[in-house]
Amino acid sequence: MESTPQKQLITNWLSFSNFQMNITNELESSLQQKHQLSLNEFYVLLFLNEAPEKKLKLQQLQNLVGLSQSAMSRLVSRFEARDCGVLKRNICVDDRRAIYTSLTPEGEEKLNKAMITFHATLERTFSKETVIEELQQLMGQLKGNATK
């Protein structure tokens, strides 16, 4: 049987993960409702916007977003299938096996609108006093377990 500190550490970790998941779900819901974007699609637009020349290799993008190669390829294909023009795929001239994905001006515009919703959702979530208190408590508990 596990000792009490080990059980408490796992309990604290699960509480922290649940806290983060609830915020993620709120972001996902807001973005889907107002912009027809999943959170991962939002991240793709965000990372492309922050990249030099607003383009990244699919492998770089999948690492940033945290998706597998096939999941990233499907996500980019879904964007293309919608014919909304937010992304463009290009073959790398230096390495023909590599594919770049770049953000279009339409993609930048969609990101800018979605960014307003993203920020508003985070502000609304973190403006609740209980949320900050809960997060501070969880962080304290995790820190306390880590130093034992």
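Taken together, the values in this text are just the output of simple stated rules run on the coordinates, not laboratory data. Not measured: the values here are computed from a predicted model. Glycine gets a Cβ as well: all are built from the backbone with ideal geometry, and neighbour counts include every protein chain shown.
At-a-glance table
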| read-out | value |
| --- | --- |
| Rg/Rh ratio calculated on Cα atoms of the chain (Kirkwood radius) | 1.10 |
| Percent RCO, i.e. relative contact order, over the chain, from Cα pairs under 8 Å lying at least 6 residues apart | 29 percent |
| Theoretical gain in end-to-end length, residue 25 to residue 69 [0.36 nm per residue, Cα-Cα removed] | 13.5 nm |
| Separation in nanometres of the label points that stand 7 Å from Cα toward Cβ, at residue 50 and residue 115 | 1.2 nm |
| The chain - charge dipole about Cα centre, Lys and Arg +1 at Cβ, Asp and Glu -1, debye rounded to 20 | 360 debye |
| Inter-probe distance in nm under a simple model that places probes 7 Å from Cα toward Cβ, at residue 102 and residue 142 | 3.9 nm |
| Least to most buried among 23, 132 (fewest other Cβ within 10 Å first) | 132, 23 |
| Computed FRET value (nearest 0.05) for residue 131 with residue 36, which takes r as the C-beta separation and R₀ as 35 Å | 0.85 |
| For region 57-148, with +1 on Lys and Arg beta carbons and -1 on Asp and Glu, the positive-most of 125, 63, 140 along the dipole | 63 |
| Residues with amide H under 5 Å from that of residue 104, placed H, sequence gap 5 or more | 87, 88 |
| Positive-end residue of 11, 44, 81, charge dipole of the chain with Cβ unit charges | 81 |
| Subset of 88/128; 34/88; 34/128; 34/143; 88/113 violating a 29 Å alpha-carbon distance limit | 88/128; 34/143 |
| Inter-label distance for residue 123 and residue 16, nm, one decimal - labels placed 7 Å from Cα along Cα-to-Cβ | 2.9 nm |
